[in-house]
Amino acid sequence: MIAAERTALLRRIPSLDELLRQNECASLIEHNGHTAVADAARAVLARLREEIAAGHLDEKALQLALDGIPAAIERTLRSALAPLLHLVVNATGVVLHTNLGRAPIAAAALERIQHLGGGYSNLEFDLVAGRRGKRDSHTDHLFALLFEQQLGGAAQKLATIVVNNNAAAVLLALNSLAEGGEAIVSRGELVEIGGSFRIPEVMGKAGAALREVGTTNRTRLSDYEAAINNRTRVLLRVHRSNFHMVGFTEQPALRDLVRLGHKYKVPVIEDLGSGALVDLRQLGITGEPDVAASLRSRVDVVTYSGDKLLGGPQAGILTGKKELIQKIRKNPLFRALRVDKLTYAALEATLAAYIRQDLDSIPALRMMRLSAEEIRTRAEAVISSLRESKSLKLEIIAGESVIGGGAAPAARLRTFLIAAAAEGLSAEELARALRQSQPLPIVARVEEGRVLLDLRTVLPEQDSYVVSRLGTLTANQPNR
Ligand SMILES: *Cc1c(COP(=O)(O)O)cnc(C)c1O
């Protein structure tokens, strides 16, 4: 195409002003605002000019493109404004999947978010006195009630505050209690949690010197005692969360560590990580201590997450001796790490469910409590709805669900899995197609050349969606 032809084609492109005056654009502007539509229109026109310049459009193709401008603007707007955060179906069987947002929030908590989020509240306002109040007063009394149920009178000596996440809770506790001094930690507990939370680095940022004791596999009480000196500010115990040590290992009992700390007047902080608020042995899960157990061992401050085993919103929680929590509360970092009203709203409702012992209203706990037989019944229903499909091969196999979120790494929950294979698709391709499902992507596991779906983590009302996606997927894509 010669330059003169291109110039002639370019001349036929409307100006931005002309374009925005067209009727189709007027209605787009009404719904999306002038600025957003003008930006999208500018982008569409620029693309058109580039295509002409590259010689991709002749006379006829240009006319088609010109007619399609309003539709192209609408598409551009829609994709620019579409949220990138999507609800997904978690068919992995990992209950607290950090990449998928950890714990789903309880219905009662969502109602409270809806109720409080849209208006003003007494978040930091004392309605009786008519003056400024404290935002943590709302959850502190619920934690107190819950711990009173679990610990009796001992709960009166405790207080609880809430920050952004458990990483923030550990940082805040160490900075408040150990800045400028030393914190003693066992070499077997210098862990890294997903998302690059590393104990030695957090310690550095908190301004505390790390004093390592013991060895990777064995640390004795005497190792701690030998390291205590006049710069020692805290003894830190870190829950190993995401890994499990077996074999020739040794670690002092928490109770003994606390006794040692108290003998030297050094507080013991425990980073519990997952922080179950119920005794998980009732779910058949062992080796995952609950918060009450740590408090019973008289740890001075325990830190834990809100969205792991607690099953609530993202938060970091510090429960401990009143005087120490008061000291931590006064740290200016507390202000920087504080949480918003939506988190308090969700946390309040979640804690109330614990106090009422309504554990099944907390989705993560309900999922962990599901029996393998209940899951098998649902899996059978899914398979029987799809038995007509010829290109789909489905079978039920025994398997295991995982708790995830760095909780009870060795714990496995017995489950039944749907093993899926589709004619003409590899397992990877089938898994990818499931992830591209609309409106809800479905995330499954791929193991040994098979796609495995674990309904434990699928919300029961999503089962029929899984059926419909599996059905259409294979119907539409017999050969890819
Ligand atoms: C998960 C975890 C953390 C980090 O908690 P977040 O809530 O993700 O910030 C810290 N320590 C331990 C032991 C953990 O398991």
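The length gained by stretching the chain between ARG47 and GLU124 to full extension, at 0.36 nm per residue less their Cα-Cα distance, is 22.6 nm. Over region 346-460, one equal point on each Cα, no solvent: what is log10 I(q)/I(0) by the Debye formula at q = 0.23 Å⁻¹? The Debye formula, applied to the Cα set alone, gives -1.36.
The distance separating the Cα centre of region 97-174 from that of region 52-66 comes to 60 Å. Extension gain for LEU66 to GLN149 (0.36 nm times residue separation, less C-alpha to C-alpha distance): 22.8 nm. For the chain, pairs of C-alpha atoms spaced more than 28 angstrom apart make up 63 percent of the total. Each part reduced to its alpha carbon centroid, region 318-377 and region 265-286 end up 13 Å apart. Multiplying the residue separation of ALA8 and HIS86 by 0.36 nm and removing their Cα-Cα distance gives an extension gain of 23.6 nm. Modelled label positions at ARG338 and SER222, each set 7 Å beyond Cα in the direction of Cβ, lie 4.9 nm from each other. A simple spin-label model places the labels of ALA107 and MET245 4.5 nm from each other, with each point 7 Å out along Cα-to-Cβ. LYS341 contributes about 80 Å² of solvent-accessible surface, heavy atoms of the protein only, 1.4 Å probe.
Among the protein heavy atoms of the chain, carbon and sulfur supply 51% of the accessible surface, probe 1.4 Å, non-protein parts ignored.
What is the local net charge at LYS327, summed over the other residues whose Cβ is closer than 14 Å to its Cβ (Lys, Arg +1; Asp, Glu -1)? Display every interim value, and only then the final one.
Numbers: positive: ARG233, LYS321, LYS322, ARG329, LYS330; negative: GLU179, ASP300, GLU323.
Result for the local shell: +2.
Assuming R0 = 30 Å, what is the FRET efficiency of ARG298 and ARG356, from their Cβ-Cβ distance, to the nearest 0.05? Once rounded, the FRET efficiency stands at 0.60. Classify region 46-191 as rounded, prolate or oblate, taking a ≥ b ≥ c as the square roots of the eigenvalues of its Cα gyration tensor: rounded when a/c is under 1.5, otherwise prolate if a/b is larger than b/c and oblate if not. Note, shape of region 46-191 comes out prolate. For the peptides 54-66, 224-236, the ranking by packing is 224-236, 54-66, with the highest mean count of neighbouring Cβ atoms within 10 Å listed first.
A 1.4 Å probe run over the protein chains yields, for the chain, 50 Å² of accessible area per residue, whole-number rounding.
Residues of region 289-309 falling in the label zone of ASN331, defined by backbone nitrogen less than 16 Å from a point 7 Å along Cα to beta-carbon, are 300-305. Three principal axis extents describe the C-alpha atoms of region 162-244; from largest down they are 35, 31, 19 Å. A crude spin-label estimate for the pair GLU395 and GLN282, with each label 7 Å from Cα along the Cβ direction, gives 3.9 nm. Each semi-axis of the equivalent ellipsoid for region 143-284 is √(5λ) with λ an eigenvalue of the Cα gyration tensor; in descending order they amount to 23, 19, 18 Å.
The values are calculated or read from the model by the stated rules, or taken from the named source; none is laboratory data. Source: prediction; values computed, not measured. So basically every Cβ, Gly included, is an ideal-geometry build from the backbone, and we count neighbours across all protein chains shown. The protein model used for the area step is the full one, side chains on, heavy atoms only, and it has no ligands, DNA or RNA in it. Shrake-Rupley method; radii C 1.70, N 1.55, O 1.52, S 1.80 Å.
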